[in-house]
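Structure record follows, encoded as structure tokens.
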Amino acid sequence: MKRLLLLPGYLEDGTIFDTLRPLLPPAMVEVIELEPALAQWKPRGPVSAVTLARYLAERHGIGPADVVIGHSMGGWIAAHIKVETGATAVLLSSFTDQHKVVAASRNPVLLRLYAYLGLGRNRWLRERAKRQYKFEESRTLYAQLADGLVRIPRRYVHRQLQVLFAPVPPLGVSPELRVHALADNVVLPPDEPFLEIPGDHFAHYYYPEVVAAAIKPLLS
């Protein structure tokens, strides 16, 4: 039987799939929670999407019969798991070109400082970000993620930033499905063909029926 492995994105956990998961075959669905996985990971070299994909593939026994569905950073990891294992990859509001990620900085030194100084924990900065968030539909969800940063270990934040921005070789293979909203201001829409849906960066959460319908043909 195929497994549907769900990979959350940056600062997210499995609840990011709460609306989509009930629409998928329940016996097939597993969530890969990244925080405990990375806490137990002891990489022997640089942290990147490639090295993390290899670790997760081994840890979860992922193979070509599996379908890996990732949101945002989770989709970036899913694409690399496809390279390592031949699994089917579904990218939700995600990317295979790191330049599609909207970021104030990609400098590894500045990203490390941001993580270990805990700048994302600053209450004033969090409240300012929430006030400036422009999508009413996902405002509450965004606020929960922003406030959740307070409890996330700084080392884990840094590792996620490394996974997002550490240089990696070109993928060489394409995911089976890309789903994206044109209004996404976190990850810009891909240049490759994709299924356009309404909403913003969290479109799969608010339009799960459309996403589930697109995924189901991949399960046969």
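Where does each of 134, 82, 2 land when they are ranked from fewest to most other beta-carbon atoms within 10 angstrom?
With the fewest neighbours first, 134, 82, 2 line up as 134, 2, 82.
Once the Cβ-Cβ distance between residue 173 and residue 13 is put in as r, and R0 is 22 Å, what FRET efficiency do you end up with, to the nearest 0.05? Efficiency, rounded to the nearest 0.05: 0.20.
A dipole drawn for the chain from +1 and -1 charges on Cβ atoms has a positive end, and of 143, 120, 166 the residue lying farthest that way is 120.
Rounded to the nearest 20 Debye, what is the dipole magnitude of segment 40-113 about its Cα centre when Lys and Arg each give +1 and Asp and Glu each give -1 at the C-beta?
Using Cβ point charges on Lys, Arg, Asp and Glu, segment 40-113 gives about 300 debye.
Classify the chain from the C-alpha gyration tensor, please: rounded if a/c falls under 1.5, else prolate or oblate depending on whether a/b exceeds b/c. Oblate is the answer for the chain, as a/c is 1.5 or above yet b/c matches or exceeds a/b.
The residues 135, 17, when put in order of fewest to most other Cβ atoms within 10 Å, stand as 135, 17.
Where a Cα-Cα gap under 30 Å defines reach, which lysines qualify for residue 216, not counting those fewer than 8 residues away within the same chain? Cα-Cα hits under 30 Å: 2, 82, 100. Footprinting exposure proxy ranking of 205, 133, 114, fewest other C-beta atoms within 10 angstrom first, gives 133, 114, 205.
Shape class for segment 114-220, computed from the alpha carbon gyration tensor (a ≥ b ≥ c): oblate, with a/c not under 1.5 and a/b at or below b/c. DSSP beta bridges confined to the chain are antiparallel in about 5 percent of cases. When only the Cβ of Lys, Arg, Asp and Glu is charged (+1, +1, -1, -1), the dipole of segment 162-220 relative to its Cα centre reaches about 160 debye. When the Cα positions of 25, 105, 201 are compared along the charge dipole of segment 4-219, 105 comes out farthest toward the positive end, with charges on each C-beta of Lys, Arg, Asp and Glu. Placing +1 on each Lys and Arg Cβ and -1 on each Asp and Glu Cβ, with no other charges, gives the chain a dipole about its Cα centre of roughly 980 debye.
For residue 103 and residue 58, the FRET efficiency from 1/(1 + (r/R0)^6), where r spans their Cβ atoms and R0 equals 25 Å, is about 0.30.
All of the numbers you see were taken from the coordinates with simple rules; none came from a lab. Remember, it's a predicted structure, so these values are computed and weren't measured experimentally. Every residue, glycine among them, receives a Cβ derived from its backbone with ideal geometry; neighbour counts consider all protein chains shown.
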